[in-house]
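Asks: Sending over a structure as structure tokens; questions will come in a sec.
No value in this document is a laboratory result; all are computed from the given coordinates. Everything quoted here is computed from the prediction, not taken from an experiment. Cβ sites come from the backbone with ideal geometry, for glycine too, and all protein chains shown count toward neighbours.
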Amino acid sequence: MSPLIKNIGLVLIAAGMISGDVIARSDGGVIINEIGNGGTKKDKYNGGDYIELLVTRPGGMTLAGWYLTDLASPSDSPKESEGFIRFADSDSSVFRQTMPQGTYILICLGTKDDLYGESKMKEDVSLTDGNNRIVVFAYGSPKHIEPKKGKTSLTAGDNIALLSEWRVNAAISIVTWGGRSLWTGCKPTVLPAAMGDNGSIFYFVPKGRKREDDFNNSKDSKLWITTDDVRNATPGRKNPGIE
């Protein structure tokens, strides 16, 4: 085989590998799956704010160095009600481990004394205890979460973005409800403002309502459900209506 043909073959193989990797990674591998936006009205959900992520990639994911934010863009000014956190990449961080497909990642934005749904939550960073979830506190799990600037606190019109890096085009999953988002990298899930109002829990259910269905169609706003009944909150476990 001539060196020229051999080199062309290597280039084609490399290009195929790159193309395959892009296709494999195009869905992001992780989605924002449920959000709890606490309010102060007793007849609505008034527990702690939380964000639930779900790992969808068959081979699992490592999230060390990723970010979660309710800022609309990198240039926004962090403040008491808007900011970002970083998933720690130190040796002791659970985010250095590969989280298997089907793992729920619950980020509690309040304190350990708050109710998340109907329950208080304890930090849970074991991937071998059989409950398919981890629980971390944005401002109370220093080994695993690095608070950066400002403070993520959900409001009646807001957005949440999961980022693989701190750059505008690195979004993996975005959910907005009445707020704006200038992050790019994935198509956002745009929900009506009323769906995410204070005192609401809103979550995604795939079309077939089965775990093996395509969880990456979470960008379809018609597949999201909102409720203010705390009994329908499922932080850290499968959403209501899923078999």
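Asks: What does the charge dipole of the chain about its Cα centre add up to, to the nearest 20 debye, if the Cβ of each Lys and Arg holds +1 and the Cβ of each Asp and Glu holds -1?
Replies: With only Lys, Arg, Asp and Glu charged at Cβ, the dipole is about 320 debye.
Asks: I want the local charge near Asp113. Using Cβ-Cβ distances under 14 Å, sum +1 for each Lys or Arg and -1 for each Asp or Glu among the other residues.
Replies: So the environment of Asp113 carries a net charge of 0.
Asks: Near the amide H of Thr103, under 5 Å away, which other amide H atoms are found, from residues 5 or more places off or on another chain, if H is placed in the peptide plane?
Replies: Val55
Asks: Would you work out the Kirkwood radius for region 183-238? I mean one over the mean of 1/r across all pairs of different Cα atoms, in Å.
Replies: 12.5 Å
Asks: Tell me, in nm to one decimal, what length is gained between Asp76 and Lys143 on full extension, where the rule is 0.36 nm per residue of separation less the Cα-Cα distance?
Replies: Here the answer is 21.5 nm.
Asks: Under a 5 Å amide H to amide H cut-off, with H placed in plane at 1.01 Å, what residues pair with Asn198 once short-range neighbours are removed?
Replies: For Asn198, the qualifying residues are Ala156.
Asks: Also: Quick one: helix 3-25 against the long Cα principal axis of the chain, what's the angle to the nearest 10°, folded into 0 to 90?
Replies: So the helix axis and the longest Cα principal axis differ by about 10 degrees.
Asks: Say the dipole of the chain comes from +1 at the beta carbon of Lys and Arg and -1 at that of Asp and Glu; which of Val205, Gly140, Val30 then lies farthest toward its positive end?
Replies: Val30
Asks: Run the simple label-point estimate for Arg231 and Lys187 please: 7 Å along Cα→C-beta, distance reported in nm.
Replies: With each label placed 7 Å out from Cα toward Cβ, I get 3.6 nm.
Asks: Something else now. Would you work out if region 28-232 is rounded, prolate or oblate? Take a ≥ b ≥ c from the square roots of the eigenvalues of the alpha-carbon gyration tensor; rounded if a/c is under 1.5, else prolate when a/b is larger than b/c, oblate otherwise.
Replies: rounded
Asks: Could you tell me the distance between the Cα centroids of region 160-193 and region 63-112, to the nearest Å?
Replies: A separation of 14 Å, based on Cα centres.
Asks: How much length is gained on full extension from Glu118 to Arg167, taking 0.36 nm per residue of separation minus their Cα-Cα distance?
Replies: Result for the pair: 14.1 nm of gain on full extension.
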